[in-house]
1. Give me the pairs, please: first residue somewhere in the range 2-29 and closer than 15 Å to residue 203 by Cα, second residue anywhere and part of a loop (DSSP other than H, G, I, E, B) and within 11 Å of the ligand (Cβ to nearest atom), beta-carbon distance under 7 Å, and either six or more positions apart or on two chains.
2. Cβ-Cβ distance below 9 Å, separation of 6 or more or different chains: which pairs start in the range 39-57 with a residue that is within 16 Å of residue 68 (Cβ to Cβ) and end on one that is more than 11 Å from the ligand (Cβ to nearest atom) and charged (D, E, K, R)?
3. In a strand (DSSP E or B) and in contact with a Gly (Cβ under 7 Å, 6 or more places away or on another chain): does that describe residue 183?
4. Within the range 85-104, identify whether any single residue is under 21 Å from residue 152 (Cα atoms), surrounded by 13 or more Cβ atoms within 10 Å (Cβ to Cβ) and acidic (Asp, Glu), and answer yes or no.
5. Just give me the residues in the range 138-163 being away from the ligand (no atom under 16 Å from the Cβ) and open to solvent by 30 Å² or more (accessible area, probe 1.4 Å), in sequence order.
6. Here is a check on your reading of the model: is residue 245 modelled with pLDDT of 90 or more, in contact with a Leu (Cβ under 6 Å, 6 or more places away or on another chain) and closer than 28 Å to residue 286 by Cβ?
7. Would you check if there is a residue in the range 148-160 being under 30 Å from residue 62 (Cβ atoms) and in contact with a Pro (Cβ under 9 Å, 6 or more places away or on another chain)?
8. Open to solvent by less than 80 Å² (accessible area, probe 1.4 Å), modelled with pLDDT under 90 and out of contact with any Asp or Glu (no Cβ under 9 Å at 6 or more places or on another chain) - does that describe any residue in the range 253-260?
Amino acid sequence: MIEVQGVTRTYGGFTAVDDVTFRCEPGRVTGFLGPNGAGKSTTMRIMVGLTAATKGTVTIDGLPFHQIPNPGRHVGVLLDASAQHGGRSGREVLTLGARMMGLPDSRVDEMLTLVSLTPSEAKRKIRNYSLGMKQRLGIAHALLGDPKVLILDEPANGLDPAGIRWMRGLLKSYADRGGTVLLSSHLLHEVEQVADEMILIGRGRIVAQGDRETLLRQAGPSQALVTSLDNPALAAALEADGVASEVAGTGLRVHASTETVGRAALAAGIVLTDLRSGGAGLEDLFLELTADTQREGNPA
Ligand code: ADP
């Protein structure tokens, strides 16, 4: 369990992290989501003692990071996959990590296999790694000590779609075995398929948090987009049920759930050719909540 309590970090007059409070539970993947510069990395650096908090505390399983004995055995950390000595090979980095944590060298081969780095890739110098290979190595390093807690900053950066899917599976099964996972991203779609909980941060402040359903409820009332073989008849049937709709493209936008629309169509015997949720989804919520921190669309 990670507990972040009232954490603030200022740089001169600038507040990078502003009174941030949240917790990450065991058995769950928590996504930490926000646009570039929102304060995710700073918060994560504070968690592991690399940056001091101006105010507030972070504990991991009840202890501040620096008080955890042999921390690599408890907390796996990947903050910057490129922050490795370029002249070392992947195998050397893992071997050094294993020896520092008092682990057998056999653990290195297990981790290389887990992240699909081949023996010849493991021998290559890190300066010749692609970003995706560095991320795989970083994940291997984070998992080396078989920790209970994982803190990963933008781990999907540089991974190809297959790599992202692989990582998703890895993190899900890690949480299913009782692990606590916090992973950050600036991309909603990277996080929403894996995260059980999401923390949305914008300009240093938490703007929303909760599971998918809680966030979707905040995103506003449900709407449906529907196309049928007889849209005017469907609109009339909906109106008879007291449901408003308007023409949208080749179909209708209906101010009700997809279920309501499906039932009305069934009762009226109208064939649907397309029916989907058209409500403000998570992406809209994310953009809306962090709007004043997005560069795009900001007045100059
Ligand atoms: P994110 O990880 O969400 O992209 P960061 O935590 O890296 O955001 O940065 C949050 C804000 O704090 C940014 O505006 C960044 O420029 C600023 N910041 C981070 N570290 C420092 C520092 N050492 N000195 C001054 N400003 C910093």
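The values are calculated or read from the model by the stated rules, or taken from the named source; none is laboratory data. Everything numeric in this text was worked out from a predicted model, so none of it was measured. Counting neighbours? That spans all protein chains shown, and the Cβs are built from the backbone with ideal geometry, glycine included. Surface areas here come from the heavy atoms of the whole protein model, side chains and all, with no ligands, DNA or RNA. Shrake-Rupley method; radii C 1.70, N 1.55, O 1.52, S 1.80 Å.
1. Matching pairs, first to second residue: 9/51; 15/204; 16/39; 16/204; 17/39; 17/204; 18/204.
2. From the range 39-57, the pairs are 57/3.
3. On the way: in a strand (DSSP E or B): yes; in contact with a Gly (Cβ under 7 Å, 6 or more places away or on another chain): yes.
In short, yes.
4. Keep residues of the range 85-104 that are under 21 Å from residue 152 (Cα atoms), which gives 85-86, 90-91, 93-98, 100-101.
Now drop any that are not surrounded by 13 or more Cβ atoms within 10 Å (Cβ to Cβ), which leaves 90-91, 93-98, 101.
Narrowing further to those that are acidic (Asp, Glu): none.
Within the range 85-104, not a single residue is under 21 Å from residue 152 (Cα atoms), surrounded by 13 or more Cβ atoms within 10 Å (Cβ to Cβ) and acidic (Asp, Glu).
5. Those that are away from the ligand (no atom under 16 Å from the Cβ) and open to solvent by 30 Å² or more (accessible area, probe 1.4 Å): 141, 146, 148, 160, 161, 162.
6. On the way: modelled with pLDDT of 90 or more: yes; in contact with a Leu (Cβ under 6 Å, 6 or more places away or on another chain): yes; closer than 28 Å to residue 286 by Cβ: yes.
For residue 245, the condition - modelled with pLDDT of 90 or more, in contact with a Leu (Cβ under 6 Å, 6 or more places away or on another chain) and closer than 28 Å to residue 286 by Cβ - is met.
7. Filtering the range 148-160 down to residues under 30 Å from residue 62 (Cβ atoms) leaves 148-156.
Now restrict to residues that are in contact with a Pro (Cβ under 9 Å, 6 or more places away or on another chain): 148-149.
Yes, there is a match, as at least one residue in the range 148-160 is under 30 Å from residue 62 (Cβ atoms) and in contact with a Pro (Cβ under 9 Å, 6 or more places away or on another chain).
8. Residues of the range 253-260 that are open to solvent by less than 80 Å² (accessible area, probe 1.4 Å), as a first pass: 253-254, 256-258, 260.
Filter once more, so that each one left must be modelled with pLDDT under 90: 256-258.
Of the ones still in play, those that are also out of contact with any Asp or Glu (no Cβ under 9 Å at 6 or more places or on another chain) are 257-258.
Taking every residue of the range 253-260 in turn, at least one turns out to be open to solvent by less than 80 Å² (accessible area, probe 1.4 Å), modelled with pLDDT under 90 and out of contact with any Asp or Glu (no Cβ under 9 Å at 6 or more places or on another chain).
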